[in-house]
Amino acid sequence: MSNNENAQILVVDDEERMRNLLKKVLMRQNFYVDTASNGIAALRKVEEHPFDIIIADVRMPEMNGMEVLAAVKKTRPDIYMIIMTAFGSIDSAVEAMKKGAYDYITKPFKMSEISVVVEKALEEKRLREEVESLRKEVRIKYKFDNIIGKSKAMQEVFDLIRRVARSSSTVLIYGKSGTGKELVAKAVHFNSPRRDKPSVSVNCAAIPDTLLESELFGHVRGAFTGAIATKKGLFEEANGGTVFLDEIGNVSPSMQVKLLRVLQEREIRRVGGAETFKIDIRLMAASNESLEEAVKRGDFREDLFYRLNVITITLPDLKDRQDDILLLANHFLIKYSQGERRAKSISREAGNLLLKHDWPGNVRELENVIERAIALGDHEEISVEDLPDNIRNAGRGPTQNDILSEDVTIKELEKSYIAKILKKTRGHKIRAARILGIDRRTLYRKLDKYNIEY
Ligand SMILES: Nc1ncnc2c1ncn2[C@@H]1O[C@H](COP(=O)(O)OP(=O)(O)OP(=O)(O)O)[C@@H](O)[C@H]1O
Ligand SMILES: [Mg+2]
């Protein structure tokens, strides 16, 4: 719908003269125009034809304009409706607008008036479609499965996932807590040729060693007290698919040997069993600390490290993905806006605080913050008051942008500057006072005044 020629209009009126007149005028403006003499016929035409706009008379026998409006809103909410009301019946005009009509026009009207209303409706519709297609583009570009990110770092991660997914190579995922390691592991699996096979995930830190072994490798009957039946392990269950070992840095030396064997021989033996089974699995592992460091310290086997370290995907801390913070915040806003609890936007000041926060809990922390703000706030907009204290009293100090923006008062600037210097001196007040160029007593007074704790 880029010009009038492509715009399609349906005129609905029981009065023939009116239908013909409107048709003539609108066709002169190069619109495609069709007419219907009653509501039922109109709805049938709507089903068959992609109209952009419907102009309907409110007063018609059988099905009136209001009923046509209601029916169209249900099946084709994208159609803009203009209702023609009788002179003096302001009530029906109000009702039409309430029910979602785009506009109304009072009979009798000049033909130039209806042209203006139609042009306006079309312009708005075009604009909305443009925004919608832009949004879609953003969604496609900044999203990989459920992973959101437009930062350069995340775009590189998407690219890497796409490339490694095709192969069966072992993947090692690095990232602090809450950076999305599990999400990435899932994306790799579901974009790989193994997507229809099982994918199992084991948190190695959460399970004691002996249990972990039987969990992964299974056991035969009588292998240990309580092993009343032979049980398959997760490696067997996941045969043909993917196994994700989370927090691999935490497995014991003896377990490391067993995992090394799996990677080298591609076979497993159940606890207490004699037989070995060939398995075909893709292994992925995650760690929140450098395994290379762990190798250096002697906590992790070098040979296992090399087997795992075929392809590495590193997820940066959220604070190093500034471009993603608001995008993610809006993503979670939509995710947690349901039913009564909904917020449509995030205020500019709240957004600024989100950008300044350090996010030690990374994306998970941001997700929790937004969920909480929606649950507790009762506004359409998430504002500063809906954010937790630690984010509101952001200690990172003003950024270049804040200093340039007019919203920051000298007081706020002073407060965050003092907090920043104190952080730098690790709470050492004499040194902080010296850097700030004030005496110690003045510093104490300001700490008190601004409620800064150190
Ligand atoms: N880029 C992202 N886009 C959307 N949601 C994300 C993103 N990264 C993380 N999340 C969400 O944040 C939460 C934490 O992610 P995930 O469990 O993958 O992190 P993790 O690195 O495995 O954390 P941990 O080390 O604590 O296990 C999940 O709810 C996940 O859906
Ligand atoms: Mg995890």
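The values are calculated or read from the model by the stated rules, or taken from the named source; none is laboratory data. Treat the numbers as computed from the prediction; the structure is a model and nothing was measured. A quick note on method: Cβ atoms are made from the backbone with ideal geometry, for glycine too, and the neighbour counts reach across all protein chains shown.
Residue by residue through the range 232-256, note down the ones that are assigned to a loop (DSSP other than H, G, I, E, B), surrounded by 18 or more Cβ atoms within 10 Å (Cβ to Cβ) and away from ligand 1 (no atom under 16 Å from the Cβ).
Those that are assigned to a loop (DSSP other than H, G, I, E, B), surrounded by 18 or more Cβ atoms within 10 Å (Cβ to Cβ) and away from ligand 1 (no atom under 16 Å from the Cβ): G233, A238, G241.
Hey, does the range 141-159 have a residue that's away from ligand 1 (no atom under 11 Å from the Cβ) and aliphatic (A, V, I, L, M)?
no
Specify which of the listed residues (E275, E289) is over 25 Å from F190 (Cα atoms), within 16 Å of ligand 2 (Cβ to nearest atom), assigned to a loop (DSSP other than H, G, I, E, B) and acidic (D, E).
E289
Residues are listed down the side, and each one gets a yes or a no for (1) surrounded by fewer than 19 Cβ atoms within 10 Å (Cβ to Cβ); (2) farther than 19 Å from K120 by Cβ; (3) at pLDDT 95 or above; (4) not small (G, A, S):
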| position | (1), (2), (3), (4) |
| --- | --- |
| V46 | no, yes, yes, yes |
| I54 | no, no, yes, yes |
| D57 | no, yes, yes, yes |
| M63 | yes, yes, no, yes |
| A70 | yes, yes, yes, no |
| T75 | yes, yes, no, yes |
| I82 | no, no, yes, yes |
| T85 | no, no, no, yes |
| A93 | no, no, no, no |
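Scan the range 189-212 and give yes if some residue there is hydrophobic (A, V, I, L, M, F, W, C), touching a residue at least 24 places away in the same chain (Cβ under 8 Å) and more than 16 Å from ligand 1 (Cβ to nearest atom), otherwise no.
Yes, the conditions are met somewhere in the range 189-212.
Six or more apart or on different chains, Cβ under 7 Å: which pairs go from a residue in the range 108-135 that's farther than 21 Å from I83 by Cα to one that's surrounded by 12 or more Cβ atoms within 10 Å (Cβ to Cβ)? Could you list them?
That search, which allows pairs on different chains as well, returns E129/M1.
Tell me the helices (runs of 4 or more DSSP H) entirely within the range 117-231 that contain at least 2 residues that are away from ligand 2 (no atom under 15 Å from the Cβ) and assigned by TED's automatic domain parsing to the domain that holds G272.
Correct list: 152-165, 209-217.
So, in the range 257-271, of the ones that are in contact with an Asp or Glu (Cβ under 9 Å, 6 or more places away or on another chain) and part of a helix (DSSP H, G or I), which residue ends up farthest from F300 (Cα to Cα)?
Out of the qualifying residues, it is Q264.
Please go through the range 192-216 and give me each residue that is more than 35 Å from the chain's Cα centre (by Cα) and under 14 Å from L283 (Cα atoms), ordered by number.
none
For D324, which of the numbered conditions (1) assigned by TED's automatic domain parsing to the domain that holds S345; (2) over 26 Å from P360 (Cα atoms); (3) of a type in the set (D, E, K, R) fails to hold?
The single condition D324 does not satisfy is (2).
Give the residues of the range 301-318 that are buried (at least 16 other Cβ atoms within 10 Å of the Cβ), in a helix (DSSP H, G or I) and either in the same structural domain as V384 (by TED's automatic domain parsing) or in contact (Cβ under 8 Å) with a residue 24 or more places away in the chain (or both), sorted by residue number.
Those that are buried (at least 16 other Cβ atoms within 10 Å of the Cβ), in a helix (DSSP H, G or I) and either in the same structural domain as V384 (by TED's automatic domain parsing) or in contact (Cβ under 8 Å) with a residue 24 or more places away in the chain (or both): L304, R307, L308, L318.
Of (1) over 35 Å from the mean Cα position of the chain (by Cα); (2) modelled with pLDDT of 95 or more, H189 satisfies all except one. Which?
(1) is the only condition that H189 fails.
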